[in-house]
1. Could you grab the Rg to Rh ratio for segment 93-220? Cα atoms only, Kirkwood for Rh.
2. Tell me, what is the per residue accessible area of the chain in Å², probe radius 1.4 Å?
3. Add -39500 (n - 2.57) for each DSSP H run of 4 or more in the chain, then divide by its residues: what number comes out at 222 nm, to the nearest 500 deg cm²/dmol?
4. Using alpha carbons only, how many degrees (0 to 90, rounded to 10) separate the axis of helix 20-32 from the longest principal axis of the chain?
5. Please list the three semi-axes, largest first and in whole Å, of the ellipsoid equivalent to segment 18-76, using sqrt of 5 times the eigenvalues of its alpha carbon gyration tensor.
6. Between ASP261 and HIS163, what FRET efficiency follows from the Cβ-Cβ distance if R0 is 41 Å, with the result rounded to 0.05?
7. What's the angle, to the nearest 10 degrees (0 to 90), between helix 8-17's Cα axis and the longest principal axis of the chain?
8. If the reach is capped at under 23 angstrom between alpha carbons, list the lysines near LYS206, excluding any in the same chain fewer than eight residues apart.
Amino acid sequence: MSRQRLSRGRLEGVRDSLSERDVEIMKSVAANRFMTSRQIRRAHFADHATEAAAVRSTNRALARLAGHEVVVHLRRRIGGVRSGSGSHVWSLTEAGARLLRTGGEDELPGRFRPHEPTLNFLEHTLAVAEVCLRLSEATRGDDFAIAELRREPDCWRAYSGPHGGVAYLKPDLALVTTSGEYEDHWFLEIDRDTEPPSRVIRACLKYEIYRQTGTEQKRTGVFPAVVWVVPDAKRARTLRTHIAATAGLSKGLYAVVPLDDLLPLVMAGIGTQENDRES
């Protein structure tokens, strides 16, 4: 995935040749680290009359950006070669990161280098991107909006640990949604069924420690609901059973849902514990 470094003059020329949609695609890829062609199509070409037209436009845009050396696709595909171009996984290049910084995007790492990640990391990152995309798609209606969506590490919370020093809570996403007059707060954990339930329980206990500090409540007035987004109903039942059987976990704080059930949950608006909401 190595590329020759583009000169400043050439980079300025590339930027002048890009459309607004091209730049938005680059921003999406940068924010999510990796995205598949299908995800990019849903995020930026949903306005096309047919799916076939959207696929063609997506492929042309990505080929153009790759030709400018501002994005690159990984050697590995999700779903294999038979899945077609939609299975390509895209990342920003260092030149792409430099281009975005010249446009005022300051949240990128100082040195941005594309790399071939491990399969577990890639699948988890794409699963997080999928959650973000589905949430964004849900806002295309009139009754639901996202007030804030922070990815890691921006969503991590620092607090004083029980034994002194600084500890960190590291959710995958921190989300604030609005529906009508209500605002709900959420911590989202994207589970790929690659870890034993004991790891999930240890993570839940960290949420309990953080909640007891009162740090989040002082910042926002409420403590977010913690939602584990899992691949299927079987994993959901397993985690719910373990959470219910663990002493010391706050009743009603945790939800476990398959990915397809996430939107109904957040759109129903129960992302804050009632006792925190009433306080």
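The values are calculated or read from the model by the stated rules, or taken from the named source; none is laboratory data. The structure displayed is predicted, hence computed values, not measured ones. Cβ sites come from the backbone with ideal geometry, for glycine too, and all protein chains shown count toward neighbours. Keep in mind that these areas ignore ligands, DNA and RNA; they rest on the heavy atoms of the full protein, side chains included. Shrake-Rupley method; radii C 1.70, N 1.55, O 1.52, S 1.80 Å.
1. 1.00
2. Roughly 53 Å² per residue, with all protein chains present.
3. Per the formula, -13500 deg cm²/dmol.
4. Once rounded, the angle reads 40 degrees.
5. On the way: eigenvalues 60, 30, 27 Å².
Its equivalent ellipsoid spans semi-axes of 17, 12, 12 Å.
6. E(calc), rounded to 0.05, equals 0.65.
7. Taking Cα atoms only, the helix is inclined about 80 degrees.
8. LYS170, LYS218, LYS251
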